[in-house]
Amino acid sequence: MKKFLIIANWKLNGDFNFINKNINLIKKIDNSLNFCKLAIAPPYVYIDYIHNYLKNTSINLVAQNVDINEKGSFTGEISINMLKDIGVKYVIIGHSERRINHYENNNFIAKKFILTKKKGLIPILCIGETKEEKKQNITEKICINQINSILKICEVKIFYNTIIAYEPIWAIGSRKIADINEIEKTISFIKKYISSINQKISKSIVFQYGGSVNKDNINNLFQIKNINGLLVGKASLTIENFISLVKKAEKNIRLLRS
Ligand code: PEP
C-alpha cells in the first residue's frame, strides 16, 4: 500500500535561515514515519541546496511550477529537464495561485501536466472550484472540465501513477477546510469519472486534499476514505505546527491500516 504523502508547499516563503533552522527537524520526523512520506516544495532557488540536505533520506523534492518549453529563449522560465537534473520528483501543476495570478488556463496547464509525465516526473494536478462556483453547485463540473482539458489532448493513460489534489480555491489560505462530506463526494465523483474511462488508471492515481489543513483540523480528514495525501501551505511554514500535523497524520494512518 502506498504511503500517505504530505507535501509542504512553501510557496514564496523561506530563506537560508529558515531552511537551516528547520530541515534537520523535518529529517528527524521523517525518520520516525512508517505510514507517511514527506515531500517539500521550496522556491526554485533553494531546491538544489535542500537536495544536498536530503541525500540519504526518503523526503522528496517538489517543484512549484514548470515551463511548457524544454529549452530556448524563454527568459525567467525553468524547464522540466532542469528540474529532473537537480533531483526533483514531483511538480505542482495548475495551482490556483498560478491560475489566478499568472492567468494559466486549463489548456496551458494540460500541456505542463503532459510534459511533466512524459519526462518521467510526477505531476500533481491541482483542481477545484471558486466560492462562486461552489455557490452555483457546479464543483463537479468544474473539476471534470479541468481533467477533460488533459483528456482532450492525451489518452487517459497519461494519468497513470499521477496525483490529483482537490483544492477548493476558497479554502486555500482561508483557515477553513472544506466540509468533509463534500471533499469525499467530490473526490469519489472524480475517481468514478476516471474509472468509467479506465479503472486501472483511476486506481493508480493518488488523491490529495489541500486547503487550510493544520494541526487542529487534520484529524477530521481521516474520515475521508479516498484521500492518500495532503498538500499543506501555511501550516508547513511553522515547524512546530508542521511536525504536530505530521505526527497526527502518522497516528491516524497507523490506526486506519492496523
Ligand atoms: C495550497 O496553497 O496548496 C494550500 C493548501 O495552502 P494552505 O494550506 O495555506 O491553504
### Summary
Going fewest to most other Cβ atoms within 10 Å around each Cβ, M1, M82 line up as M1, M82
#### Entry: Residue with peak Gaussian network fluctuation, the chain [Cα springs, cutoff 10 Å], from L245, L12, L221
L12
### Summary
If D67, D179 are placed from fewest to most neighbouring beta carbons inside 10 Å, the sequence is D179, D67
### Query
By counting other Cβ atoms within 10 Å of each Cβ, how are V213, V206, V232, V156 ranked from fewest to most?
V156, V206, V213, V232
## Note on the structure
The answer for G229, listing residues at least 5 apart or on another chain whose modeled amide H is closer than 5 Å to its amide H, is L5, Y209
### Message
Show me, for the range 21-29, the HN-Hα J-couplings you get by feeding each phi into the Karplus relation (A = 6.51, B = -1.76, C = 1.60, θ = phi - 60°), rounded to Hz, glycine and proline as x.
### Response
6, 9, 5, 5, 5, 5, 4, 5, 5
### Task
Calculate one ³J(HN,Hα) per residue across the range 224-240 by plugging θ = phi - 60° into the Karplus curve 6.51 cos²θ - 1.76 cosθ + 1.60, and present them in order as whole Hz with x for glycine and proline.
8, 6, 7, 9, 10, x, 9, 10, 10, x, 3, 5, 8, 8, 10, 4, 4
### Task
Among the GluC sites (Glu not before Pro) in the range 139-224, which ones are in a DSSP loop with at most 13 other Cβ atoms within 10 Å of the Cβ? Mind listing them?
E155
### Query
Whole-Hz Karplus ³J(HN,Hα) for the range 138-154, in order, using 6.51 cos²θ - 1.76 cosθ + 1.60 and θ = phi - 60°, x for Gly and Pro?
10, 3, 5, 4, 4, 5, 5, 4, 5, 6, 5, 5, 7, 5, 5, 10, 8
### Message
Over the Cα atoms, compute the radius of gyration (one decimal) and Dmax (the largest Cα-Cα distance, rounded to a whole number) for the range 4-257, in Å.
### Response
17.3, 52
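Since every read-out is calculated from the coordinates, none of them should be taken as a lab result. Just so it is clear, the structure is predicted and the values come from calculations on it, not from any experiment. Every residue, glycine among them, receives a Cβ derived from its backbone with ideal geometry; neighbour counts consider all protein chains shown.
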